[in-house]
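Visitor: Please see the structure below; I have some questions.
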Amino acid sequence: MIPRTLDLPPLWLALFAAVVWGLGHAAPLDLTLDRLFAVPLLAIGVVLMLGAAVQMALRHTPLMPHREPRALVTQGVFALSRNPIYLGDAFVLAGLCLWWNATYALVLVPAFMWLITVRFIVQEEARCDARFGADFAEYRAAVRRWI
């Protein structure tokens, strides 16, 4: 069992990224346009993460996934996805697969998304449902979990 202080999405992203890096170095698949597509994926990921972090900070609600939310953030990037930081992580991971010539490792992106869903999102949604009730139910009905 992983202690809650270590069970954090950025650490899981780092672990998946390390696997992608290793695969790219062990068996590179250099496709012509890999890096051309990698840069926008990486940029989209970073913009989603930063945009969500700023919006959460402005609403004084914690970024840490195991803490109780103080506000229901539904504007900006949260109008596109209920989990823009995690979505940004997935974009970054996909971009790294291309950047490190491990295009075949893109199969790890849905695995990462599944892991984040079961380890973090389900519990976060339960806390939001308990705290914000009908407001969260309305938001959940209007905005998809990922995209």
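The values are calculated or read from the model by the stated rules, or taken from the named source; none is laboratory data. Since the structure is predicted, the reported quantities are computational estimates derived from the model, not experimental observations. So basically every Cβ, Gly included, is an ideal-geometry build from the backbone, and we count neighbours across all protein chains shown.
Visitor: Taking the condition farther than 22 Å from Val118 by Cα, of a type in the set (Lys, Arg) and out of contact with any Gly (no Cβ under 9 Å at 6 or more places or on another chain), does Arg59 pass?
Guide: yes
Visitor: Same structure, new question: For region 90-106, indicate whether the set of residues that are of a type in the set (S, T, N, Q) and more than 19 Å from Leu42 (Cα to Cα) is non-empty.
Guide: Among the residues of region 90-106, not one is of a type in the set (S, T, N, Q) and more than 19 Å from Leu42 (Cα to Cα), which makes the answer no.
Visitor: Tell me, yes or no, whether region 122-142 has at least one residue that is surrounded by 17 or more Cβ atoms within 10 Å (Cβ to Cβ), touching a Lys or Arg at 6+ places or on another chain (Cβ under 9 Å), of a type in the set (Ser, Thr, Tyr) and touching a residue at least 24 places away in the same chain (Cβ under 8 Å).
Guide: yes
Visitor: I want to confirm something. Restricting to region 71-90 and keeping residues that are of a type outside the set (Gly, Ala, Ser) and part of a helix (DSSP H, G or I), which single residue is nearest to Gly51 (Cα to Cα)?
Guide: Per the criteria, the residue is Val77.
Visitor: Out of region 1-54, which residues are surrounded by fewer than 16 Cβ atoms within 10 Å (Cβ to Cβ), within 15 Å of Tyr104 (Cβ to Cβ) and of a type in the set (Gly, Ala, Ser)?
Guide: Gly22, Ala26, Ala27
Visitor: What are the residues in region 92-108 that are assigned to a helix (DSSP H, G or I) and either within 14 Å of Ala38 (Cα to Cα) or modelled with pLDDT under 95 (or both), if any?
Guide: Val92, Leu93, Ala94, Gly95, Leu96, Cys97, Leu98, Trp99, Thr103, Tyr104, Ala105, Leu106
Visitor: Let me ask another. Restricting to region 85-109, name every residue that is surrounded by fewer than 23 Cβ atoms within 10 Å (Cβ to Cβ) and either among the hydroxyl-bearing types (Ser, Thr, Tyr) or free of Cβ contacts under 8 Å to residues at least 40 places away in the same chain (or both).
Guide: Thr103, Tyr104, Leu106, Val107, Val109
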